[in-house]
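The values are calculated or read from the model by the stated rules, or taken from the named source; none is laboratory data. Bear in mind the structure is a predicted one, so any value in this text is a computation, not a measurement. Note that each Cβ is placed from the backbone with ideal geometry, even for glycine, and that neighbours are counted across all protein chains shown. Surface areas here come from the heavy atoms of the whole protein model, side chains and all, with no ligands, DNA or RNA. Shrake-Rupley method; radii C 1.70, N 1.55, O 1.52, S 1.80 Å.
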Amino acid sequence: MKVFKFGGASVKDAAGVRNLAHILRTQAQQGAIVVVSAMGKTTNALEEVTRAYADHKTDEALTRWATVQSYHEAIMRDLAGADWAQTFRGAYGTFLWVDTVLRQKPSGPFDQIYDQIVSVGEIISTQIVAAYCGAIWADARQLVCTDDTFREGKVDWEQTQRAIRGFVNGCGDGSLIVTQGFVGQAAGTGLTTTLGREGSDYTAAIFAYCTDAESVTIWKDVPGVLNADPKYFDQTVLLTQLTYQDAIELAYYGATVIHPKTIKPLQNKGIPLYVRSFLQPEAPGTVINASEGQLTTPSFIFKVNQTLISLHPKDFSFIAEDNLSQIFGQFAAAGIKINLMQNTAISFSVVVDTNPDRLPALLDLLRQNFRVSYNEGLELITIRYYDQATIDRVLVDKKLLLEQKSRYTVQLVVK
């Protein structure tokens, strides 16, 4: 069994769906599990629908939803012509379901509402792709079992493996199965959960782990794993091979080509991960496996829109284990991940993504016990396998606020 994952950019229009079908015809003759993300920027659009709906702005939510529906209908018409409604009747049923939900009063916490609506992007895209390719459509909400941590569901591996293996075995050898990335279901609730933004890569790893897959291939709009984001560097280098360890490190520090949770399940079973271009499907791309040796090419990771928070005890006591335990607990409860941390005897500093929905409440909570100062609009630069020349390169016209080094990695907070 092979597992393929296609992101939103690969299916942003009808031409993309046709290209996906071509890749499957040439690369998956023996069958495959195909994980597909929401089309184009649908997830972003559905987040706006969700905010309007949760704020009881029914008309705005319905208007925004109509735009999302029209976008998908245009793709379906392009693919199937006048017969689109019949060909893609599954997607049309999902349209009706969303319209019905948006006309009802919202209930439950925002994160729960978010998962029920935003997950629809993956449902619709896979209904379209499965129908166009003549594949078996699998509902990942019935297969990926999680707890009820909405927007960051934690996988129950035992139940998930049992469900996925049962479904795949029931489909028979050589089957082409299309399913959703990003989504699951909270056990015993019937409520949809999501695995975190960009979690479709993780879904591919879950299916691969549970089926002892031969390999996973993530199809991207880049030739493979590059040593830097082309948005920031004009001259990037293709990394043709990575160890699991280096891939985990790069993903952890924010390399956007791979979701951070993806690598470990594959490493545990020695399943290779390929990153290849859907624009050049014959090119080899990058392979991530248990190879030996470390990279010789420095890799650069840029995270923008960062906030540096510094905490000082109000009573001038030391930052000790009891303080740190309290701080970490409050960050975890707020759902804010720490990208970098550094402490001295009387201060503790962290760098986090600027999140206007969650950060203000956390800062108010921290102020109860600490003096809090913070800087916004910063950039976090991580260099894996750095030297002084690479550091100097990225600091041109930048003010360095914080630096942290280990043997192989340096992190720089700059303005």
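What to note about this one:
- Close pairs (7 angstrom Cβ cut-off, 6 or more residues apart or separate chains): hydrophobic (A, V, I, L, M, F, W, C) in the stretch 39-61, assigned to a loop (DSSP other than H, G, I, E, B) and open to solvent by less than 40 Å² (accessible area, probe 1.4 Å) anywhere: ALA54/PRO106
- Residue under evaluation ALA131, criteria (1) among the small types (Gly, Ala, Ser); (2) open to solvent by 60 Å² or more (accessible area, probe 1.4 Å); (3) under 20 Å from SER37 (Cα atoms), criterion not met: (2)
- Taking the criterion of being open to solvent by less than 10 Å² (accessible area, probe 1.4 Å), farther than 16 Å from LYS261 by Cα and out of contact with any helix residue (DSSP H, G or I) (no Cβ under 8 Å at 6 or more places or on another chain), the only residue of the stretch 176-214 that qualifies is ALA186.
- In the set (1) open to solvent by 50 Å² or more (accessible area, probe 1.4 Å); (2) assigned to a strand (DSSP E or B); (3) aliphatic (A, V, I, L, M), ALA345 fails one condition alone, (2).
- Comparison of THR50, THR63 shows that the only residue that is part of a helix (DSSP H, G or I) and either open to solvent by 10 Å² or more (accessible area, probe 1.4 Å) or farther than 24 Å from GLN116 by Cα (or both) is THR63.
- LYS398 under 30 Å from ASP234 (Cα atoms), open to solvent by 20 Å² or more (accessible area, probe 1.4 Å) and not in a strand (DSSP E or B): yes
For every residue, the table says whether it meets (1) in contact with a helix residue (DSSP H, G or I) (Cβ under 6 Å, 6 or more places away or on another chain); (2) of a type outside the set (Gly, Ala, Ser); (3) open to solvent by less than 60 Å² (accessible area, probe 1.4 Å); (4) part of a loop (DSSP other than H, G, I, E, B).
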{"residue": "THR256", "(1), (2), (3), (4)": "no, yes, no, yes"}
{"residue": "GLU282", "(1), (2), (3), (4)": "no, yes, no, yes"}
{"residue": "THR307", "(1), (2), (3), (4)": "no, yes, yes, no"}
{"residue": "HIS312", "(1), (2), (3), (4)": "no, yes, yes, no"}
{"residue": "PHE328", "(1), (2), (3), (4)": "no, yes, no, no"}
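- Qualifying positions in the stretch 232-254 - open to solvent by less than 40 Å² (accessible area, probe 1.4 Å), in a helix (DSSP H, G or I) and touching a residue at least 60 places away in the same chain (Cβ under 8 Å): ASP246, LEU250
- Among the conditions (1) assigned to a helix (DSSP H, G or I); (2) under 20 Å from ALA9 (Cβ atoms), the only one that PRO265 does not satisfy is (2).
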